[in-house]
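Peer 1: Following this message is one structure expressed as structure tokens.
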Amino acid sequence: MKLIGLLFTLLGFIKQGSSHMESNGTSTESGIPRPTTNIYLAVLTDITSIHYSTGGYENLAAARLAIRDINADTSFLPDYYFDMVFKDDGCEEEAGLKAINDAYNGEKKISALIGISCSVVCDLAGYLCATDQWNIPVVSHSCSSDNLSDPDTFPTFARLSLSVYKYVDSIIDLCWEFEWTKVGLMVNNIEWYVKTANKMKLKMEKNNRYNINVHLEKFYFDNADEASGAADDENSDTYRLMVEQLNRLKKKVRDELST
């Protein structure tokens, strides 16, 4: 489970962040009280956005399970107790900024932010939580903005996913291997995705190995109403054609692998 690994990634930060922890008294099995330090993790994820499919409920459930499993292991950090504070970041700037601010300035002093799925929110969290700001770690399992790779701007940010631009090199290698010179790039018609796809398109077309002509096709994907509306779009025939070609390619690959 990614979020369990994500929580382990935080340990190095957390042991240094005593100012963000709370101590209380708990009892051992023998009844002798011992100090226990509460570590509050802010879990930010999107459960309300109608434009993005980020798996927010799955992320939240995974965080709960990961924290429960860590607390249940009495051999692991026995003097610490993990708890979580959930905030819906909406996968967009305004809601994300409010969620980050509410989590940090809430009654429970958080030691870290985890669970963020959207790069636009990771950018905000990474900046606000930097060493010259709040100085707490932010760990994401899926944010893929290339901006987040800058350690000078985001010194307390870590992620378990690659920058999208790492994928571009692999795509170029694949095109080179199969001698593809005309490539279709399909992207959900959402501002951040389209911006990222355009940068990917530019990098692919400007590679110094050989010429690739990239066609960028925007489409709607998030719900039935948008999908229905896309059917009337002037480019919908192009989209359907690309899907049909993709399905034929997938069948060809499956057939070749089975022989």
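Peer 1: Across segment 151-162, in residue order, what do the Karplus-derived ³J(HN,Hα) couplings come to in whole Hz, using 6.51 cos²θ - 1.76 cosθ + 1.60 with θ = phi - 60° and x for Gly and Pro?
Peer 2: Each residue of segment 151-162 in turn: x, 6, 7, 10, x, 9, 9, 9, 8, 9, 10, 8 Hz.
Peer 1: Past 23 Å, Cα to Cα: identify those pairs from LYS98/LYS199; LYS87/LYS199; LYS98/LYS166; LYS87/LYS195; LYS182/LYS206, in the order given. Could the numbers behind the result be given before it?
Peer 2: Values: LYS98/LYS199 29 Å; LYS87/LYS199 31 Å; LYS98/LYS166 31 Å; LYS87/LYS195 27 Å; LYS182/LYS206 14 Å.
Beyond 23 Å: LYS98/LYS199; LYS87/LYS199; LYS98/LYS166; LYS87/LYS195.
Peer 1: Normalising by the residue count of segment 77-176, find the relative contact order in percent from Cα pairs under 8 Å and 6+ residues apart.
Peer 2: 20
Peer 1: Want the number for GLU217 to ASP132: 0.36 nm per residue separation, take away the alpha-carbon distance, what's left? Spell out each step's value before the answer.
Peer 2: Details: separation 85, 0.36 × 85 = 30.60 nm, distance 4.09 nm.
Result for the pair: 26.5 nm of gain on full extension.
Peer 1: Now, a different point. Please work out how much length the chain gains when fully extended from TYR165 to LYS108, using 0.36 nm per residue of separation minus the C-alpha to C-alpha distance, in nm with one decimal.
Peer 2: Details: separation 57, 0.36 × 57 = 20.52 nm, distance 3.72 nm.
Taking TYR165 through LYS108 to full extension adds about 16.8 nm, to one decimal.
Peer 1: With a ≥ b ≥ c taken as the square roots of the eigenvalues of the C-alpha gyration tensor of segment 145-194, please select rounded if a/c is under 1.5 and otherwise prolate if a/b is larger than b/c or oblate if it is not? Intermediate values should be presented prior to the final figure.
Peer 2: Working: a/c = 3.61, a/b = 1.73, b/c = 2.08.
Note, shape of segment 145-194 comes out oblate.
Peer 1: Would you mind getting me the FRET efficiency between ASN101 and VAL194? Use the beta-carbon distance for r and R0 = 35 Å, nearest 0.05. It would help to have the intermediate numbers written out before the result.
Peer 2: Details: r = 28 Å, r/R0 = 0.80.
Efficiency at R0 = 35 Å is approximately 0.80.
Values in this text are rule-based calculations from the coordinates and carry no lab data. Quick caveat: nothing in here was measured; it's all calculated off a predicted structure. With ideal geometry, Cβ positions are generated from the backbone for all residues, glycine too; neighbour counts draw on all protein chains shown.
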